[in-house]
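> Let me give you the structure first, and then I'll get to my questions.
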Amino acid sequence: MTKYTVGVYKAYKNSGNLRFHKKGTKKSWKHYFIEIDEYDEDEYSFGSEWVSSIKAVILKRKQLYKKTFYCTDCESVFTQYVKKNQNECDECPNGCENDE
């Protein structure tokens with residue numbers, strides 16, 4: 001199983017099922033990720049875990065963002081998870097070959 005970081009945010013710990021946090025609760029870092037099965041890529045699951053502040057900084061640098069791309073060969077629009085400043089995708093999911 002491969003984990004892809006979707007977000008790292010501060011959240012209230014032990015706040016219960018309330019809409020707002022209880023007084024006296026402290027904020028901690030929470031890591032949200034998508035776990036993809038290596039053998040069957042169609043199966044994936046969303047998960048979260050509490051992490052330390054040092055690990056949160058490291059995970060934030062590896063965070064992926066969902067962006068929309070356009071393929072000029074097959075003229076289709078698709079979404080893909082890429083790093084923050086990446087403006088080009090690696091490959092088209094339809095299998096098009098770019099001659100660049």
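> Report, in deg cm²/dmol and to the nearest 500, the calculated mean residue ellipticity at 222 nm for the chain, where each DSSP H run with n ≥ 4 adds -39500 (n - 2.57) and the sum is divided by the residue count. Each step should come with its number before you reach the end.
On the way: 1 runs with 9 residues, N = 100.
Calculated mean residue ellipticity at 222 nm is -2500 deg cm²/dmol.
> Could you name the lysines whose alpha carbon sits less than 20 Å from that of residue 67, not counting residues in the same chain fewer than 8 places away?
Partners found: 3, 83, 84.
> If we count every other residue with Cβ under 10 angstrom of residue 27's Cβ, Lys/Arg +1 and Asp/Glu -1, where does the sum land?
Counting the neighbours of residue 27, the net charge comes to +4.
> Could you give the nm distance between label points at residue 83 and residue 42, where each point is 7 Å from its Cα heading toward the beta carbon?
About 3.2 nm, to one decimal.
> If you take Cα Rg over 2.2 N^0.38 Å from the coordinates, which of [x] 1.01; [y] 1.41; [z] 2.74 do you get?
Structure-derived value, by its label: [y].
> Take the Cα of residue 4, step 7 Å along the line toward its Cβ, and report every residue of the stretch 54-77 whose backbone nitrogen sits under 11 Å from that point.
Answer for the stretch 54-77: 64-67.
None of the figures in this text is laboratory data; all of them are computed from the coordinates on show. Nothing here was measured: the structure is a model prediction, and the numbers come from that model. Cβ atoms come from the backbone with ideal geometry, glycine included; neighbour counts cover every protein chain shown.
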